[in-house]
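The values are calculated or read from the model by the stated rules, or taken from the named source; none is laboratory data. Fair warning: this is a prediction, and the values are worked out from it, not measured in the lab. Cβ coordinates were reconstructed from backbone atoms using ideal geometry, including for glycine residues, and neighbour counts include every protein chain displayed. Each accessible area value is taken on the protein alone, full model and side chains, heavy atoms only, with ligands, DNA and RNA left out. Shrake-Rupley method; radii C 1.70, N 1.55, O 1.52, S 1.80 Å.
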Amino acid sequence: MKDMMRSASARRAITSAGLLTLVAVAACGGTEAADAREQAAADAPISVGPENVAVVERATLAVGPLISGSLTAEREATIRAEVGGPVLAVLVEEGQRVSAGSVLARIDDTALRAQMLSARSAVASATSSSATAERELQRATTLVQAGAIADRDLEAARNGLDAASAQLAGARAQLAAAEQQLGNTRVTAPFTGVVSARPVNAGDVVSPGTALVTIIAPGEMRLDASVPAERLSEVRIGAPVTFAVNGYPSRTFTGRVTRINPAADPVTRQVRIQVAIPNAGGALVSGLFAEGRVASEERDVMVAPLAAIDQRGVTPVVYRVKGGLVERVEVQLGMRDEQTERVELIAGVTAGDILLVGAAQGISAGSAVRIGPSGDAAQTRTTPATPAAPAAPTPPAPGSDTTR
């Protein structure tokens, strides 16, 4: 019996030693696998999305002072009432295109028509009086030559004719004024354009000077803008201007400087300029806000986004991807375009080079990178899935017989 107990104890000791050996081997194998996985992850290229790279390219870079202002129609007219009275009809609506001379509105002409008829009667009466005075002068001249009347009678006849002629001239002037006033009851367009405002309606009573209709000619617009006084030397008559309008964010418009104000604003130290803008398509409308730049210099150069330039040190550098590796390259900068946020690269890179931008610039030089179809601002590594470590065998409970 004692021999059997000693034999069982010996078997349990051997089994425990074997289990401990298996656990040690499994732990060693797991550590080596983890080290291998870490080494593979370290050697894997860093994935960079296309939003974190930029390509150096040759392009036309323009520089000049930035400007901002509002668009105004080159030709704009507010037609006002020249006579008073009730408005009989308004024949146009806002946004309607009108031709030169077309009737826009009509004002009641009853009183003015009566004045015109009275003026015509006065002209007819004055004409008759003038003709009578002229005949009297002719008769008096004949009688004086015959010695039938004295010279003073001839002088009186001349004075009568002068008075009648003056009365006729006055009557004709009153008739012309009455006819003009009557014509002013028909409000017409001074030029071809588009109605931009119509503040009155039929039935309104207006007085001379009341605004009736505003018309603009949309074919020619102008930009009333300001430029900083310290950059006035870069602005000249005829200089090209490129600008964007808040109503058309995806389009760029062009114009030319036509006027430069000879005096700067005493408060803002800005100088007012006017830019002529062709608007054949009629896309631009008056009142829109615009921002742009006077192109004082243009050159065909190599350009890159400002975000690709690291200027934290003494010399600006870029991080270029070449042969799948990141290189730190010193560059020399030239002109800058603040509007498009691009800069000229004079030396250090060539057209077609791929540069890192944004958070991708944090990747250290010498690292392997891969330009993926999509990515984030932060670098990501392709890491293989971690397999589960083998489970260590469970040691037998004390007193159990593992031989069974």
Which residue, of 231, 272, 293, 251, is farther than 30 Å from residue 198 by Cα and at pLDDT 90 or above? 272
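Given the condition modelled with pLDDT under 85, among the aliphatic types (A, V, I, L, M) and out of contact with any strand residue (DSSP E or B) (no Cβ under 8 Å at 6 or more places or on another chain), answer yes or no: does some residue in the range 322-342 qualify? Break it down stepwise before answering.
Of the range 322-342, the ones modelled with pLDDT under 85 are 335-341.
So of that shortlist, the ones also among the aliphatic types (A, V, I, L, M) come out as 335.
Of the ones still in play, those that are also out of contact with any strand residue (DSSP E or B) (no Cβ under 8 Å at 6 or more places or on another chain) are none.
No, there is no match, as no residue in the range 322-342 is modelled with pLDDT under 85, among the aliphatic types (A, V, I, L, M) and out of contact with any strand residue (DSSP E or B) (no Cβ under 8 Å at 6 or more places or on another chain).
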Criterion first (open to solvent by less than 30 Å² (accessible area, probe 1.4 Å) and touching a Pro at 6+ places or on another chain (Cβ under 6 Å)) does residue 89 satisfy it? no
Residues of the range 298-345 satisfying the condition of being outside any helix (DSSP H, G or I) and in contact with a helix residue (DSSP H, G or I) (Cβ under 8 Å, 6 or more places away or on another chain): 310, 318, 319, 336, 341, 342, 343
All positions within the range 186-236 that are closer than 18 Å to residue 256 by Cβ, charged (D, E, K, R), part of a strand (DSSP E or B) and open to solvent by 30 Å² or more (accessible area, probe 1.4 Å): 220, 222
Which of the residues spanning the range 289-346 are open to solvent by less than 30 Å² (accessible area, probe 1.4 Å) and under 21 Å from the mean Cα position of the chain (by Cα)? 290, 292, 293, 294, 295, 337
Could you please tell me which pairs satisfy a Cβ distance under 6 Å, a separation of 6+ or placement on different chains, a first residue in the range 50-70 that is within 16 Å of residue 296 (Cα to Cα), and a second residue that is among the polar types (S, T, N, Q) and surrounded by fewer than 17 Cβ atoms within 10 Å (Cβ to Cβ)? 64/296
I'd like to check something: does the range 155-165 contain any residue that is free of Cβ contacts under 8 Å to residues at least 24 places away in the same chain and among the basic types (Lys, Arg)? yes
Identify, please: which residue in the range 277-288 is under 11 Å from residue 253 (Cα atoms) and either under 14 Å from the mean Cα position of the chain (by Cα) or open to solvent by less than 30 Å² (accessible area, probe 1.4 Å) (or both) and is, among those, modelled with the highest pLDDT? 277
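Among the residues of the range 132-145 satisfying the criterion of being in contact (Cβ under 8 Å) with a residue 12 or more places away in the chain and of a type outside the set (Asp, Glu), which is most open to solvent (accessible area, probe 1.4 Å)?
Of all residues in the range 132-145, those in contact (Cβ under 8 Å) with a residue 12 or more places away in the chain come to 132-134, 136-137, 139-141.
Retained after the next criterion (residues that are of a type outside the set (Asp, Glu)): 132-133, 137, 139-141.
Numbers: 132: 61, 133: 14, 137: 35, 139: 117, 140: 10, 141: 48 Å².
Ranking the qualifying residues of the range 132-145, first place goes to 139.
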Qualifying position, being aliphatic (A, V, I, L, M), closer than 17 Å to residue 70 by Cβ and touching a Leu at 6+ places or on another chain (Cβ under 8 Å), among 212, 223: 223
Quick check on this structure: which one of 89, 105, 100 is within 16 Å of residue 191 (Cα to Cα) and in a strand (DSSP E or B)? 105
For residues in the range 54-85 being open to solvent by less than 70 Å² (accessible area, probe 1.4 Å) and outside any strand (DSSP E or B), which is farthest from residue 185 (Cα to Cα)? 56
Hits in the range 155-176 - residues which are open to solvent by 50 Å² or more (accessible area, probe 1.4 Å) and within 23 Å of residue 114 (Cα to Cα): 167, 169, 172, 173, 174, 176
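Just to be sure, is residue 250 in contact (Cβ under 8 Å) with a residue 60 or more places away in the chain, open to solvent by 30 Å² or more (accessible area, probe 1.4 Å) and polar (S, T, N, Q)? Explain how you work it out, then say what you get.
Values: in contact (Cβ under 8 Å) with a residue 60 or more places away in the chain: no; open to solvent by 30 Å² or more (accessible area, probe 1.4 Å): yes; polar (S, T, N, Q): yes.
For residue 250, the condition - in contact (Cβ under 8 Å) with a residue 60 or more places away in the chain, open to solvent by 30 Å² or more (accessible area, probe 1.4 Å) and polar (S, T, N, Q) - is not met.
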